[in-house]
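Peer 1: Right, I'll just put the structure down here and ask away after.
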């Protein structure tokens, strides 16, 4: 959190539409399902395991969302994944999207510790401050749950989100869309391929978006957002391929303010008072603002020597954040500047042999400058809490290897390992109580993975995996003393999964199921008392266990009708954790509802002229859950449902489309990041978007 929130409340999504099951349907071309003779759920090729493979042949519960499905469901940021990734929670606090998958996640938004869910674009890991960037012109999104220590290392304790941008093609195809809605919403997208030569192709993509405030007095508004990406694909020989991209995200507006938890006025959940209800702080919307800038440059260079491929993946990200917002009616002022460069070298062999192996080296270097002020009155506030980190250096190194060995043509054994070394250093910083401090900590760790998968029958895969994950440690912003060490220990997670994937009835029916059991050690937590205006702790909960089951089904009843259902049963609890004088043994972890699920339905009406009209609806529902690990009063989110619908007309040949859409039809208020105390409490929380609706026009050439 922003140095003062205890933890995040989640929107946990157990989704057929976003599961590997439903995502395949969206990728099936209309020409393949126009008639009863050509029905079936199409295949998607994914690279989440750093190998190209069918999602139904990957021994893991990978969620794959193709570009058409992202567009269809209006998924424009990581925050929207909360409604389409089974068993996951993605919530916002200003510019940061906090991710939790199967109860594993992180609620601290400051650079002292790393996020537990990694977000990558084209294999380049993004810093936490860039997690709120928009999705646009993506070929697909892949979400891989569970600890991914072997292939991804640190910041993948709970899983990874991989964004894969659309690759330039040797043609002049392009697309454009224009969308408008309530709250004066506007979104414009443009994309164009350029065929420069037989060996060089370029692609440009651009997005502009804006909307008025969702809260009273104009707060929670995106005044202007600009996104752009230029990509190049160069193939001078059959053995060498170079893919390069550069992207920019620039946004300005007014961030949202927290609301009282529980809601004081349930009839007006998005209303913000003009004056703090206890502390008499003026809430001046004219002083509230944000400015975010994220620049990413990266590439992939592949060189093939016989059956061996050498890959080099360099990356650079620059993030600039400036923010004035209100939390618990207190002014919150932040500046966060982060620059990261990374390099990965990977050697792999052809997948046609008995062994499919890969070996890699990874390095990342991050520089951070961070200022945080939390107080009362004006911006910048007089600072009841001050944290000034003029320079923090993170270094990360790793070496990894993984092999898939075919015991028989039907049975495969996977084994892998990764050694990681990570450090965080800062000097001459100002801590939470306004006192100088320094930190210089490093950690090393070995992760491993062992798994077996087998073709149990035609189009039926069974698998079992044991693997570990590791989140580097961090520091607490106070000086070391003879009785206090500001080191925060790394997290460690060991998971056991057993699953099955199947495609039945001539690919009309897909059923996937995975049971999981996690042993979670040294869970990193943060606790802040908003009423007292003081950071209490950034530390570790010694042990927790997480177990449950994820089930997804997609059934194509006809060439025009598809039905989906999915649910996740989850139990995430502490087994050894004393916080202050409170024993939290058997307490549910934050953002972990016992049940969550979705139901979806698609129907296409074929018209005589070759056009069609498609109706799409899905509804998310879940039981209540705690927003704080300590179960403070007022921090429990009650059970709820949220429903989205679209109705789209597609001209003959899909030359253009026109549609109407609505999100959160029920207008359900759902809490985002949550903290104890304040306004007047017993808790305060950010709040997710209200009902929105609009129209959309698009064309392709």
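The values are calculated or read from the model by the stated rules, or taken from the named source; none is laboratory data. Owing to the predicted nature of the structure, the values given are computational and were not obtained by experimental measurement. Cβ: placed from backbone, ideal geometry, glycine included. Neighbour counts: every protein chain shown.
Peer 1: Specify which of the listed residues (103, 3) is modelled with pLDDT under 60 and either surrounded by fewer than 24 Cβ atoms within 10 Å (Cβ to Cβ) or out of contact with any helix residue (DSSP H, G or I) (no Cβ under 8 Å at 6 or more places or on another chain) (or both).
Peer 2: Among 103, 3, only 3 is modelled with pLDDT under 60 and either surrounded by fewer than 24 Cβ atoms within 10 Å (Cβ to Cβ) or out of contact with any helix residue (DSSP H, G or I) (no Cβ under 8 Å at 6 or more places or on another chain) (or both).
Peer 1: So which strands (runs of 3 or more DSSP E) stay within the stretch 278-349 end to end and still have 3 or more residues that are within 25 Å of residue 224 (Cα to Cα) and in contact with a helix residue (DSSP H, G or I) (Cβ under 7 Å, 6 or more places away or on another chain)?
Peer 2: Output list reads 308-327.
Condition check ((1) in contact (Cβ under 8 Å) with a residue 60 or more places away in the chain; (2) touching a strand residue (DSSP E or B) at 6+ places or on another chain (Cβ under 8 Å); (3) part of a strand (DSSP E or B)) across all residues:
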{"site": "228", "(1), (2), (3)": "no, yes, yes"}
{"site": "231", "(1), (2), (3)": "yes, yes, yes"}
{"site": "241", "(1), (2), (3)": "yes, yes, yes"}
{"site": "247", "(1), (2), (3)": "yes, yes, yes"}
{"site": "260", "(1), (2), (3)": "yes, yes, yes"}
{"site": "265", "(1), (2), (3)": "no, no, no"}
{"site": "269", "(1), (2), (3)": "yes, yes, no"}
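Peer 1: Only one of these is outside any strand (DSSP E or B) and farther than 30 Å from residue 446 by Cα: 171, 193. Name it.
Peer 2: Checking each option against the conditions leaves just 171.
Peer 1: Sticking with this one: Filter the stretch 596-613 down to the residues that are touching a helix residue (DSSP H, G or I) at 6+ places or on another chain (Cβ under 9 Å) and not in a strand (DSSP E or B) and list them by number.
Peer 2: Within the stretch 596-613, 607, 609, 610, 611 qualify.
Peer 1: Tell me, please, whether a residue that is in contact with a helix residue (DSSP H, G or I) (Cβ under 7 Å, 6 or more places away or on another chain) and either assigned to a loop (DSSP other than H, G, I, E, B) or crowded, with 16+ Cβ neighbours inside 10 Å (or both) can be found in the stretch 199-208.
Peer 2: no
Peer 1: Given the structure, is residue 588 surrounded by 19 or more Cβ atoms within 10 Å (Cβ to Cβ) and more than 21 Å from residue 618 (Cα to Cα)?
Peer 2: Yes, satisfied.
Peer 1: So, one more: Quick one: is residue 124 crowded, with 16+ Cβ neighbours inside 10 Å and under 23 Å from the mean Cα position of the chain (by Cα)?
Peer 2: yes
Peer 1: Within the stretch 549-562, track down each residue that is more than 24 Å from the chain's Cα centre (by Cα) and not in a loop (DSSP other than H, G, I, E, B).
Peer 2: Selection gives 555, 556, 557, 558, 561, 562.
Peer 1: Of everything in the stretch 423-437, what is modelled with pLDDT under 95 and surrounded by fewer than 18 Cβ atoms within 10 Å (Cβ to Cβ)? Give them in sequence order.
Peer 2: Within the stretch 423-437, 427, 428, 433, 434, 435, 436 meet the criteria.
Peer 1: Scan the stretch 459-475 and tell me whether some residue there is more than 30 Å from residue 407 (Cβ to Cβ), part of a loop (DSSP other than H, G, I, E, B) and in contact (Cβ under 8 Å) with a residue 40 or more places away in the chain.
Peer 2: Yes, that holds for at least one residue.
Peer 1: Go through (1) farther than 14 Å from residue 545 by Cα; (2) at pLDDT 90 or above one by one and return the number of the condition residue 586 breaks.
Peer 2: (1)
Peer 1: Only one of these is more than 13 Å from the chain's Cα centre (by Cα), modelled with pLDDT of 80 or more, under 25 Å from residue 603 (Cβ atoms) and buried (at least 24 other Cβ atoms within 10 Å of the Cβ): 55, 20, 85. Name it.
Peer 2: The conditions single out 55.
Peer 1: Any residue that is surrounded by fewer than 22 Cβ atoms within 10 Å (Cβ to Cβ) and either modelled with pLDDT of 95 or more or over 30 Å from residue 330 (Cα atoms) (or both) - is there at least one of those in the stretch 525-533?
Peer 2: Looking for residues that are surrounded by fewer than 22 Cβ atoms within 10 Å (Cβ to Cβ) and either modelled with pLDDT of 95 or more or over 30 Å from residue 330 (Cα atoms) (or both), one finds none in the stretch 525-533, hence no.
Peer 1: Oh, and also: Which residue is farthest from the chain's Cα centre (by Cα), if the candidates are limited to the stretch 256-297 and must be more than 20 Å from residue 676 (Cα to Cα) and buried (at least 21 other Cβ atoms within 10 Å of the Cβ)?
Peer 2: The selected residue is 288.
Peer 1: Would you list the strands (runs of 3 or more DSSP E) that sit entirely within the stretch 614-701 and hold 1 or more residues that are surrounded by 15 or more Cβ atoms within 10 Å (Cβ to Cβ), modelled with pLDDT of 95 or more and touching a helix residue (DSSP H, G or I) at 6+ places or on another chain (Cβ under 6 Å)?
Peer 2: none
Peer 1: Now a separate question. Look at residue 400 and say whether it is out of contact with any helix residue (DSSP H, G or I) (no Cβ under 9 Å at 6 or more places or on another chain), more than 19 Å from residue 51 (Cα to Cα) and at pLDDT 95 or above.
Peer 2: no
Peer 1: Working only within the stretch 50-83, note down all residues that are under 25 Å from residue 454 (Cα atoms) and in a loop (DSSP other than H, G, I, E, B).
Peer 2: Answer for the stretch 50-83, where residues must be under 25 Å from residue 454 (Cα atoms) and in a loop (DSSP other than H, G, I, E, B): 50, 51, 52, 55, 56, 57, 58, 59, 60, 61, 62.
Peer 1: Identify all residues within the stretch 124-160 that are touching a residue at least 40 places away in the same chain (Cβ under 8 Å), closer than 20 Å to residue 522 by Cα and either touching a helix residue (DSSP H, G or I) at 6+ places or on another chain (Cβ under 9 Å) or assigned to a loop (DSSP other than H, G, I, E, B) (or both); write none if there are none.
Peer 2: If the condition is that a residue be touching a residue at least 40 places away in the same chain (Cβ under 8 Å), closer than 20 Å to residue 522 by Cα and either touching a helix residue (DSSP H, G or I) at 6+ places or on another chain (Cβ under 9 Å) or assigned to a loop (DSSP other than H, G, I, E, B) (or both), then 146, 147, 148, 149, 150, 153, 154, 155, 156, 157, 158 are the ones that fit.
Peer 1: Moving on to the next point. Can you tell me how many residues within the stretch 454-479 are surrounded by fewer than 20 Cβ atoms within 10 Å (Cβ to Cβ), at pLDDT 95 or above and farther than 26 Å from residue 553 by Cβ?
Peer 2: 1
Peer 1: While we're on this one: Residues in the stretch 563-584 that are part of a loop (DSSP other than H, G, I, E, B) and out of contact with any strand residue (DSSP E or B) (no Cβ under 6 Å at 6 or more places or on another chain): how many?
Peer 2: 2
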